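The values are calculated or read from the model by the stated rules, or taken from the named source; none is laboratory data. In this text the structure is predicted, and so the values were computed from the model without any measurement. Cβ coordinates were reconstructed from backbone atoms using ideal geometry, including for glycine residues, and neighbour counts include every protein chain displayed.
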Ligand code: ADP
Ligand code: ZN
């Protein structure tokens with residue numbers, strides 16, 4: 001196929017070249033007379049200036065040459081006109097002593113006629129052959145609509161191993177088996193074992209499902225195909241199904257390999273579910289997926305991994321044995337996990353001596369792996385903005401605040417009065433938080449507006465707790481009221497700034513009564529929380545399972561808890577008004593103070609001592625870095641952790 005084509009192309013080329021050469025030759029050696037016509041011709045014949053004449057009868061062309069001596073006169077020798085090539089013309093020429101030659105037009109114009117008659121056909125055939133080849137080679141863009149969009153990432157490019165995935169040890173263990181199977185499929189099948197065809201990774205976005213799948217392929221050293229469920233879904237019925245078919249074909253060709261389908265819920269939704277009724281295209285695609293999964297044997301060495309964060313919406317047929325029958329849960333990382341993930345991503349950045357991954361991990365509950373990666377990235381940007389050579393804890397702090405609370409709104413215009421109220425408000429929270437036992441330590445207080453808040457008091461849990469005691473719940477309510485209490489105590493007036501505090505305190509109080517059995521109404525569940533609503537699978541309801549009389553009792557209990565918290569708060573602030581003043585003054589002066597500085601102020605240190613503390617802290621940091629550089633460890637400390645001298 002390919003060689004015929006080359007020959008064809010060569011001929012084609014040669015013919016065109018020949019035509020051009022011929023024409024070039026002709027025009028060079030035969031100088032045509034411009035503006036020649038029939039009457040001029042007859043006159044020239046009569047005057048005896050014409051040397052030869054040729055009749056081309058089929059085109060009624062009369063061509064010929066002038067005698068050389070008249071070349072000047074006519075500014076050329078050759079002519080071609082349309083004239084009478086029949087008997088009359090012949091006679092006329094004979095009368096003047098010329099005998100015309102006869103010629104069929106195609107004698108001289110062979111190439112031209114070839115060009116005119118055959119060129120279109122040749123072109124069409126050539127085009128056709130070209131397209132055929134494109135389709136066969138499969139590399140062409142034309143006609144590739146039904147191709148799967150799977151991207152192949154082979155072991156050489158961006159190879160990822162389990163080392164780069166941190167904090168999800170259980171998932172890694174579960175997947176270890178798949179790795180060893182991909183490495184040596186025969187070892188398992190020899191003994192008659194049935195290898196899972198499909199593994200479903202379940203976890204919220206950003207927990208590292210894609211990363212895990214890539215690491216499985218990387219560990220096993222097999223090709224990795226990745227496609228997103230939404231790539232299958234197109235406007236046109238049948239396209240998705242054909243893409244599925246193509247994906248499996250590619251997989252089988254490259255076995256052993258791993259096929260990863262991200263967001264499988266985009267295609268694998270429960271058939272017939274959903275508010276809008278059925279969706280033909282999606283159902284066809286899903287059916288094709290099921291058919292293909294049944295059609296291949298995992299002994300061929302192809303394993304599918306799919307990821308979703310909504311396993312509940314998947315069609316049960318997808319989860320049957322022989323399909324995605326293994327489930328691996330990828331949880332959001334816990335404290336330890338977050339620390340490990342941070343360590344993975346911090347390897348890429350130079351770190352200062354005070355960076356403490358475990359402290360950052362404590363301050364980022366609920367962060368996923370992707371969030372943590374983003375955090376490190378933000379910190380690097382913050383550090384770069386102030387031309388630092390390495391990342392310091394401060395940069396991570398700023399990055400964290402930016403990620404969790406939105407950017408600082410320093411440009412926001414705040415009157416001095418508002419600023420003062422905010423300072424007292426935050427100082428109130430802080431002081432109550434310090435004086436009550438069992439609460440998380442205060443990490444930082446600021447009156448720089450951020451996102452929606454005018455000021456923020458941050459706590460940092462020592463460890464992650466899964467349960468909440470009654471006394472801690474009560475103290476939390478008091479802590480939340482610290483801001484409002486300070487406003488009332490100092491200004492004898494209150495502001496809207498406590499809206500969010502009140503909402504959160506009320507929520508805790510209600511749950512204490514209705515869910516946790518922490519009031520005199522006893523351990524009864526008055527409200528049960530249902531699963532979130534899933535469209536088309538029935539609506540979730542918050543069920544109310546008590547009488548109206550009970551409702552009143554509940555309200556009274558909630559009120560009591562709230563009032564108690566508020567009173568505790570006021571009492572603490574009254575008892576320690578001097579500390580409240582110091583905290584407020586420090587906030588007005590520095591805008592942000594950290595946990596250690598809060599401790600100093602609460603324990604009686606004057607505001608001026610903060611300055612001294614800050615200077616020594618800066619000096620130690622610089623000293624450590626200097627020493628590290630002198631020691632010849634070259635660049636700042638990197639992943640080796642804090643340096644001690
Ligand atoms: P998912 O597929 O679950 O939405 P990804 O695998 O795409 O999440 O994660 C996005 C990025 O977040 C990864 O490329 C990686 O850099 C980071 N990440 C997520 N989880 C982890 C983890 N457990 N360890 C290290 N990095 C992680
Ligand atoms: Zn507040």
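Of the numbered criteria (1) crowded, with 17+ Cβ neighbours inside 10 Å; (2) touching a helix residue (DSSP H, G or I) at 6+ places or on another chain (Cβ under 8 Å), the one residue 448 fails is (2). Just so you know, in the stretch 361-377 the residues that are surrounded by 19 or more Cβ atoms within 10 Å (Cβ to Cβ) and outside any loop (DSSP other than H, G, I, E, B) include one that is farthest from the chain's Cα centre (by Cα), and it is 362. Given the criteria closer than 24 Å to residue 262 by Cβ and in the same structural domain as residue 196 (by TED's automatic domain parsing), does residue 373 qualify? Criteria not met by residue 373. Hey, any hits in the stretch 270-287 for a residue that's under 18 Å from residue 320 (Cβ atoms), at pLDDT below 85 and crowded, with 21+ Cβ neighbours inside 10 Å? Checked against the condition, which is being under 18 Å from residue 320 (Cβ atoms), at pLDDT below 85 and crowded, with 21+ Cβ neighbours inside 10 Å, the stretch 270-287 yields at least one hit.
For the structure I just gave you, tell me whether residue 502 is free of Cβ contacts under 8 Å to residues at least 24 places away in the same chain, within 30 Å of residue 553 (Cβ to Cβ) and assigned to a loop (DSSP other than H, G, I, E, B). Break it down into steps so the answer makes sense when it comes.
Details: free of Cβ contacts under 8 Å to residues at least 24 places away in the same chain: yes; within 30 Å of residue 553 (Cβ to Cβ): yes; assigned to a loop (DSSP other than H, G, I, E, B): no.
For residue 502, the condition - free of Cβ contacts under 8 Å to residues at least 24 places away in the same chain, within 30 Å of residue 553 (Cβ to Cβ) and assigned to a loop (DSSP other than H, G, I, E, B) - is not met.
Restricting the stretch 337-360 to residues that are surrounded by 19 or more Cβ atoms within 10 Å (Cβ to Cβ) and not in a helix (DSSP H, G or I) leaves a set whose member that is farthest from ligand 1 (Cβ to nearest atom) is 353. If you go through the stretch 310-336 and keep only what is within 22 Å of residue 162 (Cβ to Cβ) and either surrounded by fewer than 21 Cβ atoms within 10 Å (Cβ to Cβ) or within 16 Å of ligand 2 (Cβ to nearest atom) (or both), you end up with 326, 327, 329, 331, 332, 334, 335, 336. Of the residues in the stretch 422-435, at least one is in contact with a helix residue (DSSP H, G or I) (Cβ under 8 Å, 6 or more places away or on another chain), more than 17 Å from residue 602 (Cβ to Cβ) and either modelled with pLDDT of 85 or more or exposed (fewer than 14 other Cβ atoms within 10 Å of the Cβ) (or both).
May I ask you to say which residue of 434, 400, 444, 472 is assigned to a helix (DSSP H, G or I), away from ligand 2 (no atom under 13 Å from the Cβ), assigned by TED's automatic domain parsing to the domain that holds residue 571 and within 18 Å of residue 594 (Cα to Cα)? Outline the logic, then answer.
Values: 400 fails: assigned by TED's automatic domain parsing to the domain that holds residue 571; 444 fails: assigned to a helix (DSSP H, G or I); 472 fails: within 18 Å of residue 594 (Cα to Cα).
Result of the check over 434, 400, 444, 472: 434.
Taken over the stretch 207-223, residues that are more than 13 Å from ligand 1 (Cβ to nearest atom) and not in a helix (DSSP H, G or I) amount to 3. Residues in the stretch 161-202 that are modelled with pLDDT of 85 or more and part of a loop (DSSP other than H, G, I, E, B): 161, 165, 166, 167, 168. Condition check: at pLDDT 90 or above and surrounded by fewer than 19 Cβ atoms within 10 Å (Cβ to Cβ). Does residue 380 satisfy that? When the stated conditions are applied, residue 380 does not pass them. For the criterion of being assigned to a helix (DSSP H, G or I), under 43 Å from the mean Cα position of the chain (by Cα) and without any contact (Cβ under 8 Å) to a residue 12 or more places away in the chain, residue 618 passes. Considering only residues in the stretch 487-505 that are under 10 Å from residue 428 (Cβ atoms) and more than 9 Å from ligand 2 (Cβ to nearest atom), the one that is surrounded by the fewest Cβ atoms within 10 Å (Cβ to Cβ) turns out to be 489. With respect to the conditions (1) within 16 Å of ligand 2 (Cβ to nearest atom); (2) under 25 Å from residue 585 (Cα atoms), residue 508 lacks only one, and its number is (2).
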